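Undergrad: Pasting a structure here, questions to come.
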Amino acid sequence: MYPATTTGRNENAFNTITNESASADSALLTAAVSKTFQDHIRLLPEGRRSKTIQEMLEFIKKHYPGEILEFQKPFHKREVTLAENSSETGAVSISPMEKLVADHNCHELIANLNSMVEEFNTKLKHFIKYSQDSEISSYLREDASRRFSKQLEDFGKHINKRTNQDCERARADSGTVVKTQQKLDAWHNSVKVLSQGLLDPLLDNPEGPNHNSREKDKALSTLKDIQSLKHDIGKKDYFKIDSILRYLTTNAPRENICSRLSNLILTDFIGSGNLMVFQKTLQRLFDYYHFIPYEGPLGEITNDLYESIQIYAAMKKPTGFNY
């Protein structure tokens, strides 16, 4: 009896261990496949990336239509797992960026912000590389550094104006013009959404289900912090954001207040021509929504780096270069 019983128990234990091991292996494999696909998508060129995503969505729609229906549910109707010991409601537990996308119906927002950060970081990396590369001639180093420094200084201005030299150059390729215009329009509108979203908790009905005093305080703190960026560069009398906030106590239409704020942030901060103000404003908006770009954080501009960029940007274009 004893040997038979022991053997049966051992077999059951072996089967349990085997099943658990298989389950763990399956979970690891699933995670690896998912991560590989995500990395692959991020590395694709823009056009190919879109086509690949659409093909995958068609596959899911055809074979697993229930998953598409679940994804398309409004965020407030989805089942949300709250953090342990959390006192928050389900609606509040959704990430700030997800809520912004849902509330403003801007499903391309995250992709557009990622493309903006990717291009900015690429220009910043090129400037740092060329300005510090002692192995190339000083002439080429200065020319490349000047070009990239000017592109960095104008980056926010182009977003604000929704145009740049690629759009305005007389002999510019029509395809390039269209692509560049679409890109700048998308970035411009994305900054508008980020800016207007700061007013959502401030404009919520205090008696309504979406009201959250902590989010209100957080939004006010972010707006004050953005305004202080002007004070940091010597404009101690700058209080335009405060002026807009005073409209919250009036009966001014919501659309008017939101438009005033987004236009102000685009003009005075993003498109100010001051690279430090541009970078810090964008970073504060990202921090508010807990947004982390796919390819890494927005490039940081130190005081020394900013001074170097300013020096090269002030240089005149070398003779014989037509860009």
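The values are calculated or read from the model by the stated rules, or taken from the named source; none is laboratory data. For clarity, every value in this text was computed on a predicted model and none was experimentally measured. Glycine also receives a Cβ, built like all others from the backbone with ideal geometry; neighbour counts cover every protein chain displayed. In case anyone asks, the SASA skips ligands and DNA or RNA and just uses the protein heavy atoms, side chains included. Shrake-Rupley method; radii C 1.70, N 1.55, O 1.52, S 1.80 Å.
Undergrad: Exceeding 20 Å between C-alpha atoms, which entries from my cross-link table qualify? They are Lys183/Lys216; Lys125/Lys161; Lys235/Lys280.
TA: Those over the limit are Lys183/Lys216; Lys125/Lys161.
Undergrad: Now, a different point. Quick check on packing: order 301-310, 278-287 by the mean number of other C-beta atoms within 10 Å, highest mean leading.
TA: By packing density, highest mean first, the sequence is 278-287, 301-310.
Undergrad: Put a dot 7 Å past each Cα toward the Cβ at His231 and Thr302; how far apart are the dots in nm?
TA: Those two pseudo-labels are separated by 2.7 nm.
Undergrad: For Ile41 and Ser259 in one chain, what is 0.36 nm times their gap in residues minus the Cα-Cα distance, to one decimal in nm?
TA: In short, 75.0 nm is gained.
Undergrad: Also: In the range 151-300, what percent of the accessible surface is made up of carbon and sulfur (1.4 Å probe, ligands and nucleic acids excluded)?
TA: 46 percent
Undergrad: Sticking with this one: Along its three principal axes, how long is the range 186-269 when you only count alpha carbons? Whole Å, largest extent first please.
TA: Cα extents, longest axis first: 41, 29, 22 Å.
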